[in-house]
1. Inspect all residues belonging to region A:260-267 and state whether any of them is of a type in the set (S, T, Y) and farther than 26 Å from A:L114 by Cβ.
2. If only one of A:V273, A:V251, A:V302 is within 14 Å of chain B (Cβ to nearest Cβ), of a type outside the set (G, A, S) and either out of contact with any Asp or Glu (no Cβ under 9 Å at 6 or more places or on another chain) or under 26 Å from A:L130 (Cβ atoms) (or both), which one is it?
3. I'm checking my understanding of the structure. Among residues of region B:351-364 that are within 14 Å of chain A (Cβ to nearest Cβ) and in contact with a strand residue (DSSP E or B) (Cβ under 7 Å, 6 or more places away or on another chain), which one is nearest to B:A389 (Cα to Cα)?
4. Condition check: among the charged types (D, E, K, R) and within 15 Å of the chain's Cα centre (by Cα). Does B:D94 satisfy that?
5. Which one of these is surrounded by fewer than 18 Cβ atoms within 10 Å (Cβ to Cβ) and small (G, A, S): A:A18, A:A73, A:A42?
6. Restricting attention to region B:58-78, which residues are under 22 Å from B:P139 (Cβ atoms) and not small (G, A, S)?
7. Got a sec? Which of A:R162, A:R183 is of a type in the set (K, R), in a helix (DSSP H, G or I), closer than 28 Å to A:E264 by Cβ and without any contact (Cβ under 8 Å) to a residue 60 or more places away in the chain?
8. Given the conditions (1) modelled with pLDDT under 95; (2) surrounded by fewer than 19 Cβ atoms within 10 Å (Cβ to Cβ); (3) under 17 Å from the mean Cα position of the chain (by Cα), which single one is not true for A:S155?
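The values are calculated or read from the model by the stated rules, or taken from the named source; none is laboratory data. If you're wondering where the values come from, they're calculated on a predicted model, not measured in any experiment. Heads up, the Cβs are rebuilt from the backbone with ideal geometry, glycines too, and the neighbour counts pull from every protein chain shown.
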Amino acid sequence: MTGDRERRALDRRLIAWAQEARAGDGAADDVRFDALARDLFAFQYARCVPYRRLCQRRGVAPASLGSWREIPAVPTGAFKEMALRSFPCERTHHTFRTSGTAAGARGELHLDTLAVYEASLLPSFERHLLPDLAPDARMTFLVLGPNAQQAPDSSLAHMFDRVVHARGAAGSAFEPDPEAAARGLADAGEPLCLCGTAFAFVHLLDQLATRGTRLALPAGSRVMETGGFKGRSREVTRDALYAGIAERLGVPPERVVNQYGMTELASQFYDSVLLHPDEPRRKLSPPWARVRCVARDGGADVPDGELGILQILDLANTGSVLAVQTADLGRRLADGFEVLGRESGAEARGCSLAADEMLAGDAA
Amino acid sequence: MSTASPDAVRASLRRLHAAGDALRKRPAREVLDVLGALLERLRDPTDPARRRIETELPAAAGFSPEIVREGLARGLASWTGAALRALVDVELGDAEAFHGAPTTAAILAGAIPMPALLEVVAALCVRSPVLAKPSAHDPVTAPAVAGALAELDPALGQCVALADFRHDDEACMDALCQADCVVVTGSDTAVSSLAARVLPPRRLVAHGHRISLAALGPAALEEASLAEAARGLALDTALWDQLGCCSPVAVYVAGPTAAAGRAAHALADALADAEARWPRGTASPEAEAAAAHERALAEMRGAELLADPGARWSVVVEPDAQPRPAPLHRFLRIHPVTDAAALIEGIRPLGAKLAGVALAGFAADTLRLEAALRGAGATRTCAPGSLQAPPLAWHRDGLPVLRRLLPGA
């Protein structure tokens, strides 16, 4: 039961930080981050066996930790292969799953409570998507996807559900059907927050193009898109997507916010364009998360501006593991970072199967 | 950089079509002699065309100069004029009786020069003029081969042309696909895209991406034999930085579980030696990230991981035979299996994607195992150290080298 108390205390610390952030306080605080990171690392090291194994292989233990930067990061692929829980299995309350890929296996984030997840998602969304709204104001949302009831294992659907519940005006809706969404948009009389995956926007734009429709959404409208095209039948560059959104929806690129998130993380990262419209686009972290760009051996940080592998420390991941190594490349930019996607359709250097092609036949 | 326009590609095809009329009137044996002489030239390390490939390919393709030198030397060792004549005899018999398509387009892929050379030679062997689109990663081999051929026989040189454009230049690709026969190597997605463009009566010959494997039996696990097998497999892995379809991505060790660990250590030692002799070339940041990801994943599983401090090679001892992603760039997985039957069962999921399997240490069971591997999908078996030197006559993807290019084949 000591573990329960310890865990509840950790959750409370994170929730308090998120509440402060939502109230406009709780800025990045390195001392606070380091203290909570150390305590959370010690907690997870003691309770998550596969994570402890990784730490031991790397020679890192809570007692000898010099800085939060030394905390070993778990590769996102591990969430497909093993249950990374820092609580007993029987307490699993909710499981979010990554979308299926050609290789079959889906990553899973097991949660024993949604409280931390929900407390952390709102401040970031509000700060980056609704910076011009009064704290108690609502706006109309159209989400191009299913709601949480329709897709209970989708963390994205859950996130949208919570956001719409907290800040959505009457008339907000979830609409996975692009044809119906296109019809609905044509009637929009008030500024909209239009949200969805990048691929959902591609379908919507296709639908509008088929109908020969060019909309001009009301001034003040904004778009939030997320996700990539891996495993999809078609790839579109982000520039082309934003140009299509401007052309067909009348929302200029400077009002389109990309969210960088993943099922394995409780926190999300958003483009700065609405918050800092006069500054270069970059992704910003919530105060309880840090993004590192590390060298190919997964160790040292590369200098700012240089390409590295993105590692994320997310202190809202209280129930699983706090440090995650992505397969994404990016670079640090001043107070934020940039994610660099793989060049679309890059020509292969050899005739061997690429890693993600190799197991594709096992998907069935 | 794109240098061809759709009009230029169409004009090249027209010129080749005309050159093909003259080519088909030449005796097949005469053409074959020239092509045999071409191979002999390229086998000579002092030949200017060979030297050009050795000099220019490393920077263009990202391989170390040592890799290109060694890869060419081993790859071309058995590609003699005599081997080419034997191939024609076996596949065509009376070569005079066969003609390839009026024009062949070869969409060359990747950075490895051997398939590029083979595609040009094979098309000319069946007296089909060829329009080759060099890969972005190897802008050297096709021009070097075409130049050497033109020196040997200017008329035959007129039967090879190059179409240099970006692989995503749809208009140029459409123009190229107007050839009567289109040969391509690529991912399933790339092949599907071309299949939609090359409609009958035009002919598409597609080669997919493949992997190779290795298997060590009990006799190869004894100390002296293990070191030798490991040296061979390290060479197979190091050549072309494991990027080719002849590169092994996993080694199955048939025997007690501890044997897999011993094999891993022997391979790690051999890969370290290979790195000193044939340094690994460059890897894209994405490739480095994928390998780092797989190394960390192995640590999470508690798998034994042996890796160069600079991550220039990695060996992971897996707990079972379950296939796992291959990040390439000298990343080997070792899978323990109890015996040959378990080996066949273990690789079955990969059957359709298999190219070669290097085998050692199965003694009297070797022939039976080779047959089983071929039944499971492998198109070639050989000893460790020979994977990267397939014979000219190797039926890649099960397709005959020359007959695949004949109309109606």
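1. No - not one qualifying residue is present in region A:260-267.
2. Checking each option against the conditions leaves just A:V302.
3. Per the stated criteria, the residue is B:G356.
4. no
5. From the options A:A18, A:A73, A:A42, the qualifying one is A:A42.
6. Passing the criteria: B:P58, B:F63, B:P65, B:E66, B:I67, B:V68, B:R69, B:E70, B:L72, B:L76.
7. A:R162
8. (2)
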